[in-house]
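Just below is one structure, and these are the notes that go with it.
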Amino acid sequence: MKKMILKLKYFGMIAEALSKEAEEIELNITSIQELKDYLVNQNSVLDKLNFKIAVNHKLVDLDSKLNNNDEVALLPPFAGG
């Protein structure tokens with residue numbers, strides 16, 4: 001399996017908890033579930049936070065596939081109306 005470069009963006013309480021708004025990572029993964037597992041393993045605080053994941057500005061399910069150079073955003077719940 002070839003390594004993929006992913007551009008990660010963090011928002012709201014996730015960015016605050018991780019003390020960063022963005023990073024680029026290189027991993028041997030293919031799905032959103034694998035990415036989420038990796039991120040929670042690296043940052044246990046994420047296991048306690050509720051968030052959605054968007055790839056290239058579209059919300060995705062955990063079984064969605066990733067491609068090289070995808071932009072992945074971790075989005076906390078938003079309030080508003």
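No value in this document is a laboratory result; all are computed from the given coordinates. This one's a predicted model, so the numbers in the text were calculated from it and none came from an experiment. Using ideal geometry, Cβ is built from the backbone for each residue, glycine included, and neighbour counts are taken over all protein chains shown.
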Got a sec to turn the phi values of the range 46-59 into Karplus ³J(HN,Hα) couplings, 6.51 cos²θ - 1.76 cosθ + 1.60 with θ = phi - 60°, whole Hz, x for Gly and Pro? 5, 5, 8, 9, 9, 7, 9, 10, 10, 10, 6, 6, 10, 5
Length added when fully stretched, residue 42-residue 13, from 0.36 nm per residue minus Cα-Cα: 8.8 nm
What residues have an amide H closer than 5 Å to that of residue 29, excluding those fewer than 5 places away on the same chain, when H is modeled at 1.01 Å from N in the peptide plane? 4
Using DSSP to define loop residues, name the GluC sites (Glu not before Pro) in the range 11-76 whose beta-carbon has at most 15 other beta-carbon atoms within 10 Å. 21
For the chain, what log10 I(q)/I(0) values come out of the Debye formula at q = 0.14, 0.16, 0.17, 0.22 1/Å, with one point per alpha carbon and no solvent? -0.42, -0.56, -0.63, -1.07
If amide hydrogens are placed 1.01 Å from N in the peptide plane, which non-local residues have theirs closer than 5 Å to the one on residue 70? 7
Hey, with R₀ at 22 Å, roughly what FRET efficiency would residue 2 and residue 52 work out to, going by the Cβ-Cβ distance, to 0.05? 0.20
How large is ³J(HN,Hα) for each residue in the range 30-36, as worked out from phi by the Karplus curve 6.51 cos²θ - 1.76 cosθ + 1.60 (θ = phi - 60°), to whole Hz, x for Gly and Pro? 10, 10, 4, 4, 5, 5, 4
Any idea which of 42, 57, 28 is furthest toward the positive side of the dipole for the range 4-75, if Lys and Arg beta-carbons carry +1 and Asp and Glu beta-carbons -1? 57
Non-local amide H neighbours of residue 64 (under 5 Å, H modeled in plane, Pro and chain starts lacking H): which ones? 32, 33
